[in-house]
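One structure is given below, encoded as structure tokens.
The values are calculated or read from the model by the stated rules, or taken from the named source; none is laboratory data. As the structure is a prediction and not an experimental result, all values here were calculated from the model. Cβ atoms come from the backbone with ideal geometry, glycine included; neighbour counts cover every protein chain shown. Accessible surface areas use protein heavy atoms only, side chains included; no ligands, DNA or RNA. Shrake-Rupley method; radii C 1.70, N 1.55, O 1.52, S 1.80 Å.
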Amino acid sequence: MSLSNETPITGRIHSIESGGMVDGPGIRFVVFTQGCPLRCLYCHNPDTQTLWEGREISVDEVMKEIVKYRSYMRFTGGGVTVTGGEPLIQHHFTREIFRRCQEQGIHTTLDTSGFASPKVAATVPNMSTWRCYASRHLIPRYTIG
Ligand code: SF4
């Protein structure tokens, strides 16, 4: 019987990719979070926009996958990238992945549009070794009237 009352932190993800080459230095383990409130004209991952799709996963489960790839991350100067979707709308999940990676000396990158409350935007990006603020076209794809 567990004596811990802690609830595992979970998030909703679209997918994970174990050999990312374009989301930061080296070869990377990439977590694509689900959900983004923006509707960029040239969205690179439109199927990540709706928050209710994707699948729920705990940080523990994500970390179990990440540690399998530590050796190639080390040899290529890679690490873990959290992207989306917009990873800052699930900031508890994103923050905990970064914290756990950094405990293990794994390089972390946040790929964000920067869409977040000032408090979140001031803390979570600073927990990542690298930050990529993607500048995209914020023109709605649909207009009414
Ligand atoms: S911020 Fe990213 S995921 Fe969100 S709509 Fe724009 S390109 Fe798509």
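Scanning the range 111-137 for residues that are within 16 Å of the ligand (Cβ to nearest atom) and under 15 Å from G78 (Cβ atoms) yields D111, C132. Total residues in the range 93-119 satisfying the condition of being over 17 Å from R12 (Cβ atoms) and in a helix (DSSP H, G or I): the figure is 8.
Of the residues making up the range 95-109, one or more are closer than 23 Å to T123 by Cα, touching a strand residue (DSSP E or B) at 6+ places or on another chain (Cβ under 8 Å), open to solvent by 60 Å² or more (accessible area, probe 1.4 Å) and more than 16 Å from the ligand (Cβ to nearest atom).
In this structure, does R70 turn out to be surrounded by fewer than 22 Cβ atoms within 10 Å (Cβ to Cβ), over 16 Å from E17 (Cα atoms) and of a type in the set (K, R)? The answer is no for R70. Per the listing D47, D23, D60, the residue uniquely in contact with a strand residue (DSSP E or B) (Cβ under 7 Å, 6 or more places away or on another chain), in contact (Cβ under 8 Å) with a residue 12 or more places away in the chain, acidic (D, E) and closer than 20 Å to V124 by Cβ is D23. Of the residues making up the range 131-139, none is β-branched (V, I, T), modelled with pLDDT under 95 and surrounded by 13 or more Cβ atoms within 10 Å (Cβ to Cβ).
Scanning the range 65-86 for residues that are more than 16 Å from the chain's Cα centre (by Cα) and in a loop (DSSP other than H, G, I, E, B) gives K68, Y69, G77. The residue of the range 9-62 that is farthest from the ligand (Cβ to nearest atom), among those that are open to solvent by less than 10 Å² (accessible area, probe 1.4 Å) and part of a helix (DSSP H, G or I), is V59.
Quick check on Q90: is it polar (S, T, N, Q), assigned to a helix (DSSP H, G or I) and surrounded by fewer than 22 Cβ atoms within 10 Å (Cβ to Cβ)? Judged against the criteria, Q90 is not a match.
Scan the range 64-83 and give yes if some residue there is within 16 Å of the ligand (Cβ to nearest atom), in contact with a Pro (Cβ under 9 Å, 6 or more places away or on another chain), of a type outside the set (G, A, S) and closer than 17 Å to S15 by Cα, otherwise no. No - not one qualifying residue is present in the range 64-83.
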